[in-house]
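Novice: Quick one: the structure is below, and I'll ask about it shortly.
The values are calculated or read from the model by the stated rules, or taken from the named source; none is laboratory data. Computed from a prediction, not measured in an experiment: that's the story for all the values here. Methodologically, a virtual Cβ is constructed for each residue, glycine included, from the backbone with ideal geometry; neighbour enumeration extends over all protein chains shown.
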Amino acid sequence: MVMPLLLVAGLLAGQSDASQDAASENPISLARALLAEAVDLEQPRARRDAARELAKREDIELEHWLEAARSFGDFDALEAGAREDQVELFVDGKRERTSLSWYVPKSYRPDQPAGLIVAVHGAGGSGKHELATFAPIAEALGMLVLAPSEAGPNLGYAFSERERQVTLAALRWLRRRANIDENRVHLTGVSRGGHACFDLARHPEAWASVVPRIGGPALLVTEGRNNIRLAVNFSHLPVRVLQGMGDQDKLLLNQELALDRLRAAGGDALRIEFAEHGHSYDRQAFDWAGFYEGAVRDPQATRLTLAAAREGEGQLLWLGIDRFGKEVKEDFTLRVDPHDWNRWDHADRARFMQAEADRRTARVDARFLGVGRFELETQGVSRLQLLLPNEMLGERGAVEAQWKGKQRKKKLKPSARVLLEHFVEHFDRSFLPVAAWELR
């Protein structure tokens, strides 16, 4: 899939006479080929730079780019069954060799997008374990399964950017080889992998559902770990936590804190409780087929909640946080009356800690009211962005938003640069933003 960089540079810089002729006759085919080159560049910065160069081309119009993006991807037939590949993924700024277990159902056709289950294994386990669990479910539903194996110590979840990026890079790898339905990508994980599910609230827009199994979010307010404050990023999709109620009290409490915030944000979030289980659950007791068949991501969701406390995070479909207020802190020192702290039990202390983290978190509650109309409520946000496809724009690009007690209006001009910068990162055929509105 990945072409030599010199060839990529040549494609982006200019075309031969024959290619120029082809562009005039079929600019969509040329645009599709150029998109593939840019998407397959290894580093995010290189992809962004390529997108900006492509946007300058005068021989390919915005409508050509849009059609190329809608029809993106040339996929080969795949043999049905389980497989394991040793691949090099670009993770956290460097290449990492990783084992990917994946499964293709008998019903898969390269011209028909198929759903996908991304399954993250527990400590000491491997992708093979998760594949064995989900292959029968996926076969019955006509879905694929992707289960990466941890390439590091595999002793537990460290809540690191590298761990998050492994899952996302593995997903990117498979999406370039199989025709995956962007609106039916389901995230699940067991124990360590369940922790990872909550942690991937930092990157929420890829998922149609999230099912952590005997895993939970982090309460710690140092080392950038606290992600209970980010659970609301999943409020637009169904979340089911499968949990043995004899497990650790602190794990159960952290789950409750996250689920409380999800439900308060309007989310469909439940904990399926197994009273007779400890650090385990009954896989057969959950209706996987019914759940997955009913869980479909809406890329133009009418209600989104987005929270962030770290620079570089804070993007969910059409909503983005560009700049934090001064009160936003990812890590901070707790200040509490020692008398109160000493008389509180762990639950009281945890609720206090999380309330303090929430106060230092940037958050946007956004509603899409209809073509071109939005309503925004924010905390700790000094600048935000709406990233909009044609379908969400008003007549002649007109948009308006109620924010901070003011009705703001603007006319946006569709831009190939907006489309291409987003597409080279996400190559999402169902969500193609063409205009960006920066509000401050």
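Novice: Spot the failing condition for Leu393; the list is (1) exposed (fewer than 15 other Cβ atoms within 10 Å of the Cβ); (2) among the aliphatic types (A, V, I, L, M); (3) farther than 24 Å from Phe234 by Cα, and only one is missed.
Specialist: Tallying (1) exposed (fewer than 15 other Cβ atoms within 10 Å of the Cβ); (2) among the aliphatic types (A, V, I, L, M); (3) farther than 24 Å from Phe234 by Cα, Leu393 fails exactly one: (1).
Novice: Return the residue satisfying two criteria in turn: it lies in the stretch 351-393 and is touching a helix residue (DSSP H, G or I) at 6+ places or on another chain (Cβ under 6 Å) and not charged (D, E, K, R), and of such residues it is farthest from Val221 (Cα to Cα).
Specialist: Among residues in the stretch 351-393 that are touching a helix residue (DSSP H, G or I) at 6+ places or on another chain (Cβ under 6 Å) and not charged (D, E, K, R), the one farthest from Val221 (Cα to Cα) is Thr361.
Novice: Looking at Phe431 and the list (1) out of contact with any Phe, Trp or Tyr (no Cβ under 9 Å at 6 or more places or on another chain); (2) over 29 Å from Lys326 (Cα atoms); (3) not in a helix (DSSP H, G or I), which single condition is not satisfied?
Specialist: Only one criterion in (1) out of contact with any Phe, Trp or Tyr (no Cβ under 9 Å at 6 or more places or on another chain); (2) over 29 Å from Lys326 (Cα atoms); (3) not in a helix (DSSP H, G or I) is unmet by Phe431, namely (1).
Novice: Does the stretch 333-349 contain at least one residue that is of a type in the set (D, E, K, R) and under 23 Å from the mean Cα position of the chain (by Cα)?
Specialist: No, the conditions are met nowhere in the stretch 333-349.
Novice: Sticking with this structure for a sec: If a residue must be within 18 Å of Ala258 (Cβ to Cβ) and either touching a Lys or Arg at 6+ places or on another chain (Cβ under 9 Å) or aliphatic (A, V, I, L, M) (or both), how many such residues does the stretch 269-305 contain?
Specialist: The total comes to 7.
Novice: Report, by residue number, each residue of the stretch 49-64 that is out of contact with any Leu (no Cβ under 6 Å at 6 or more places or on another chain) and either assigned to a helix (DSSP H, G or I) or β-branched (Val, Ile, Thr) (or both).
Specialist: Asp49, Arg52, Ile60, Leu62, Glu63, His64
Novice: Moving on. Step by step: first the residues of the stretch 205-253, then only those that are of a type in the set (Ser, Thr, Tyr) and crowded, with 20+ Cβ neighbours inside 10 Å, then the one that is nearest to Thr188 (Cα to Cα). Which residue is that?
Specialist: Ser209
Novice: Additional query: If you scan the stretch 71-86, which residues turn out to be within 24 Å of the chain's Cα centre (by Cα), part of a loop (DSSP other than H, G, I, E, B) and of a type outside the set (A, V, I, L, M, F, W, C)?
Specialist: Scanning the stretch 71-86 gives Ser71, Gly73, Asp74.
Novice: Determine, yes or no, whether Glu256 is exposed (fewer than 15 other Cβ atoms within 10 Å of the Cβ) and not β-branched (Val, Ile, Thr).
Specialist: Spelling it out, it is not the case that Glu256 is exposed (fewer than 15 other Cβ atoms within 10 Å of the Cβ) and not β-branched (Val, Ile, Thr).
Novice: Would you check if Asp282 is among the charged types (D, E, K, R), on the phi < 0 side of the Ramachandran plot and surrounded by 15 or more Cβ atoms within 10 Å (Cβ to Cβ)?
Specialist: No; evaluated as a whole, the condition is false for this residue.
Novice: Look through Asn154, Asn179, Asn183 and report the one residue that is modelled with pLDDT under 95 and either under 16 Å from Trp288 (Cα atoms) or not charged (D, E, K, R) (or both).
Specialist: Asn154
Novice: Within the stretch 353-364, does at least one residue satisfy the condition of being of a type in the set (Lys, Arg) and either farther than 22 Å from Asn227 by Cβ or modelled with pLDDT under 95 (or both)?
Specialist: No - not one qualifying residue is present in the stretch 353-364.
Novice: One residue is enough: does the stretch 182-194 have a residue meeting the conditions in contact (Cβ under 8 Å) with a residue 12 or more places away in the chain, over 19 Å from Tyr103 (Cα atoms) and basic (Lys, Arg)?
Specialist: yes
Novice: If you check Pro110, Pro136, Pro153, Pro204, which single one turns out to be free of Cβ contacts under 8 Å to residues at least 12 places away in the same chain, in a loop (DSSP other than H, G, I, E, B) and not aromatic (Phe, Trp, Tyr)?
Specialist: Exactly one of Pro110, Pro136, Pro153, Pro204 is free of Cβ contacts under 8 Å to residues at least 12 places away in the same chain, in a loop (DSSP other than H, G, I, E, B) and not aromatic (Phe, Trp, Tyr), namely Pro153.
Novice: Continuing with this model, one more query. With the requirement that a residue be within 29 Å of Gly312 (Cβ to Cβ) and either touching a helix residue (DSSP H, G or I) at 6+ places or on another chain (Cβ under 7 Å) or among the polar types (S, T, N, Q) (or both), what does the stretch 333-350 give you?
Specialist: Result: Thr333, Leu334, Ala350.
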